[in-house]
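Below: the structure, in structure tokens.
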Amino acid sequence: MKIDERTAALQQRIKAAAERAGRNQEDITLVAVTKTWPAEVVAAAYRAGLRHFGENRVEELAAKRPEVDRLLGGAEEIVWHAIGPLQSRKTTLAADNADVFHALDRFKIARRISNRLVERGMSESRPLPVFIEVNVSGESSKAGVAAYNWEEDSQQRDRLLKLAASVVELPGLLPKGLMTMAPWEVPEEVIRKVFARTRELASWVQSQRPDENWSNLSMGMTDDFEIAIEEGATHVRIGRAIFGSRR
Ligand SMILES: *Cc1c(COP(=O)(O)O)cnc(C)c1O
């Protein structure tokens, strides 16, 4: 199958999952994860109708973004999502190349991205919307603010709220919501529970900070996006179902 056929089939599955949950497909943003794929492949995905692209490494994003622009003759409506965890020495690359950041997990990163946007005079014209990544499964391999016991542990809740407050205070950033990754190779009920608890955590943050928008949920990949949509995902990050196995 080609990218356009795979994309059409995927959009059907997204629509069906949304309908099962009584939701609208329009409320779900499909972020096509293009890591490892060259600019030509991204251009083909663009021609198949996709407009949101995700990269987990910001170096790759910084290299690919201008190449895609060149191939498409400047495609202004493309939105580039940085979806992977960030080291502090790479915050400039993220600030300069991402339109949305999904994996904020600590204050230092938030401050450095914001400072860069302020320095470039872009904090007002183009503040960066951010998802705070939360580790709800408790797997030690997962990035994100510890939230595996958020219902019981007020320290976990406090740390998350503190980071949320700093996102709002920093001039270069905009609140967007929470992001999570489900555990791998576990029964469906376990995955579903992680997504449901992330949705409940986002509603709790929203209830604590009612004047801001923390309502978006970035969760769901090729193997689990239907469960994520049924549990409230507004952004799904999908690579293999569109592009096939990675090179
Ligand atoms: C690679 C990646 C994805 C997409 O994974 P697929 O299994 O190819 O759909 C989603 N989110 C993050 C953070 C990733 O690194």
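The values are calculated or read from the model by the stated rules, or taken from the named source; none is laboratory data. These figures come from a predicted structure and were not determined experimentally. As a convention, Cβ positions derive from the backbone with ideal geometry for all residues, glycine included, and neighbour counts pool all protein chains shown. Protein only, heavy atoms only, side chains kept; ligands, DNA and RNA dropped before computing areas. Shrake-Rupley method; radii C 1.70, N 1.55, O 1.52, S 1.80 Å.
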Just reorder 76, 19 by solvent-accessible area, largest first, 1.4 Å probe, all chains present.
76, 19
Rounded to the nearest 500, the 222 nm mean residue ellipticity computed for the chain from DSSP H runs (n ≥ 4, each -39500 (n - 2.57)) alone is -13500 deg cm²/dmol
For segment 48-55, Karplus couplings with θ = phi - 60° (6.51, -1.76, 1.60), whole Hz, Gly/Pro x
7, x, 7, 10, 10, 10, x, 10
How big is the gap, in Å, between the Cα center of segment 145-185 and the Cα center of segment 72-142?
15
Mean Cβ neighbour count within 10 Å, used as a protection proxy, ranking 172-181, 58-67, 100-109 highest first:
172-181, 100-109, 58-67
Cβ-placed point charges (K, R +1; D, E -1), dipole of the chain about Cα centre in debye, nearest 20:
640
Taking θ = phi - 60°, what integer Hz values does the Karplus form 6.51 cos²θ - 1.76 cosθ + 1.60 yield along segment 18-33, in sequence order, with x for Gly and Pro?
4, 5, 4, 9, x, 10, 9, 4, 5, 7, 10, 8, 8, 9, 7, 8
Pairwise Cα inverse-distance average, inverted: Kirkwood Rh of segment 146-229 (Å)
13.6
A 24 angstrom limit on the alpha carbon distance is what I want to check against. Which of 35/142; 35/90; 108/193 exceed it?
108/193
Using the charge dipole of segment 15-148 (Lys, Arg: +1 at Cβ; Asp, Glu: -1 at Cβ; taken about the Cα centre), state which of 45, 125, 140 has its Cα farthest towards the positive end.
140
Choose one of 207, 97, 179: the residue whose Cα lies farthest towards the positive end of the charge dipole of the chain (beta-carbon charges +1 Lys, Arg; -1 Asp, Glu; about the Cα centre).
97
Alpha carbon centroid spacing (whole Å) that separates segment 1-33 from segment 207-247
11
At q = 0.20 Å⁻¹, what log₁₀ I(q)/I(0) does a Debye calculation on the Cα points of segment 1-89 give, no solvent, two decimals?
-0.97
Ranked packing of 210-216, 113-119, most packed first, by mean Cβ within 10 Å:
113-119, 210-216
Quick calc, segment 37-82, dipole around Cα centre from Cβ unit charges on Lys, Arg (+) and Asp, Glu (-), nearest 20 debye, gives 80
